[in-house]
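The structure appears right after this line, and notes come after that.
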Amino acid sequence: MRHVIGIVPAAGLSSRLRPFRYPKELLPVSYAWSVDGREVRPQLVIEHVLQAARQADATRCIVVVSDAKADIMRYLGDGSAHGLQLAYVVQEKPLGLAHAVEQACRWAAPFETDCCMAMPDTLFEPQDALQQVYDELVRCEADLVLGVFPTRRPNELGPVAVRADGTVGAVFDKPRQPKHFNTWALAAWTPRFTELLRQHCMDSASEEVILGAVFDDACRRGLSVRAVHFPEGRFTDLGTREGLAALFGRSGNGHADADRPRPVDGEIDDIHANGR
């Protein structure tokens, strides 16, 4: 029987939001009534990710934090309020996303578990997108599956070259002249990819490793890498001012729905839905 653990990398420095110092993962993105209807409580962006992990059959999640983000641990506690068991790993040095994920995977590896990951400062639709990504991993017996969303700004993110059969040919990191108007936002993988990630981090113990570059290396090494494309989906990065503006229905130039991509004909000709 396969088991999956959720990876929630929340150790980022929030440098794109400076001088804002509040943990971006604790930003309220909506409000909901309590079961008895007597009070309203905020729904935080990190809770959106935890709910998605729970839908993907993860009963345990590892949250990676820095020593400056104890507020996240205090708020989430043991995870029982979200039907999860939460553990915390502290990333002592700011070596980036890949090292944070690899640190979490060290705790998952002894159990030979699959992993699923979403960024705790992002919102995405559909809500069950991470579940669809993990289902694809199991159904196709792949090593790595990426959740791919359309975007107007692929040069700031991680566009993916997806073939018509749903396999991934390459993953890019902030390309200057992007050919693919999409970005990966979610991921699920098996211990085989975990081992590749560990090798990259061991080879660059004191330097930042780009997670998208490890995804791309998985393609080049012949691992089974697939994508679930959400052509009508939405992905908003709340770790940026533009993302926050989109959340509140206003972009920097006064237009609503800033992160909703509107590609022109031919921009995503090579991107295909894979039946999901």
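The values are calculated or read from the model by the stated rules, or taken from the named source; none is laboratory data. Nothing here was measured: the structure is a model prediction, and the numbers come from that model. Cβ: placed from backbone, ideal geometry, glycine included. Neighbour counts: every protein chain shown. Note: areas computed on protein heavy atoms with side chains; ligands, DNA, RNA excluded. Shrake-Rupley method; radii C 1.70, N 1.55, O 1.52, S 1.80 Å.
Only residues that are part of a helix (DSSP H, G or I) and open to solvent by 10 Å² or more (accessible area, probe 1.4 Å): list them for the stretch 27-63, please.
Of the stretch 27-63, the ones part of a helix (DSSP H, G or I) are 45-55.
Result: His48, Gln51, Arg54, Gln55.
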Tally time: how many residues in the stretch 4-26 are open to solvent by less than 100 Å² (accessible area, probe 1.4 Å) and at pLDDT 65 or above?
13
(1) in contact (Cβ under 8 Å) with a residue 60 or more places away in the chain; (2) in a loop (DSSP other than H, G, I, E, B) all hold for Gly222 apart from (1)
For the structure I just gave you, tell me whether Ala98 is under 14 Å from Val4 (Cα atoms) and buried (at least 20 other Cβ atoms within 10 Å of the Cβ).
no
So, in the stretch 114-164, how many residues would count as being modelled with pLDDT under 95, aliphatic (A, V, I, L, M) and either assigned to a helix (DSSP H, G or I) or open to solvent by less than 20 Å² (accessible area, probe 1.4 Å) (or both)?
0
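Scan the stretch 64-100 residue by residue and report those that are assigned to a helix (DSSP H, G or I) and charged (D, E, K, R).
In the first step, residues of the stretch 64-100 are kept if they are assigned to a helix (DSSP H, G or I); the result is 70-76, 80-82, 97-100.
Residues satisfying the conditions are Asp71, Arg74.
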Subset tally (residues that are closer than 27 Å to Ser30 by Cβ and modelled with pLDDT under 95) for the stretch 88-99
1
For Gly239, the lone unmet condition from (1) modelled with pLDDT under 80; (2) more than 17 Å from the chain's Cα centre (by Cα) is (2)
Apart from one, (1) touching a residue at least 24 places away in the same chain (Cβ under 8 Å); (2) open to solvent by 20 Å² or more (accessible area, probe 1.4 Å) all hold for Pro175; the odd one out is (1)
When you scan the stretch 174-191, do you find a residue that is of a type outside the set (Asp, Glu), under 16 Å from Arg220 (Cα atoms) and either outside any strand (DSSP E or B) or touching a Ser or Thr at 6+ places or on another chain (Cβ under 9 Å) (or both), even just one?
no
Looking at the stretch 71-86, which of its residues are open to solvent by 20 Å² or more (accessible area, probe 1.4 Å), at positive phi and out of contact with any helix residue (DSSP H, G or I) (no Cβ under 7 Å at 6 or more places or on another chain)?
Gly77
Pairs please, first residue from the stretch 181-192 and open to solvent by 10 Å² or more (accessible area, probe 1.4 Å), second anywhere and charged (D, E, K, R), Cβ atoms under 7 Å, 6+ apart in sequence or on different chains.
Phe181/Glu267; Thr190/Asp114; Thr190/Asp143; Pro191/Glu112; Arg192/Asp143
Given (1) surrounded by fewer than 24 Cβ atoms within 10 Å (Cβ to Cβ); (2) touching a Leu at 6+ places or on another chain (Cβ under 7 Å); (3) under 18 Å from Ala104 (Cα atoms), identify the lone condition not met by Ala68.
(2)
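So for the stretch 206-222 (the condition being closer than 23 Å to Ala58 by Cβ, surrounded by fewer than 18 Cβ atoms within 10 Å (Cβ to Cβ) and out of contact with any Gly (no Cβ under 8 Å at 6 or more places or on another chain)), does at least one residue qualify? Can you show your working first?
Let us first name the residues in the stretch 206-222 that are closer than 23 Å to Ala58 by Cβ, namely 211-212, 214-215, 218.
From what's left, surrounded by fewer than 18 Cβ atoms within 10 Å (Cβ to Cβ): none.
No; the residues of the stretch 206-222 include none that is closer than 23 Å to Ala58 by Cβ, surrounded by fewer than 18 Cβ atoms within 10 Å (Cβ to Cβ) and out of contact with any Gly (no Cβ under 8 Å at 6 or more places or on another chain).
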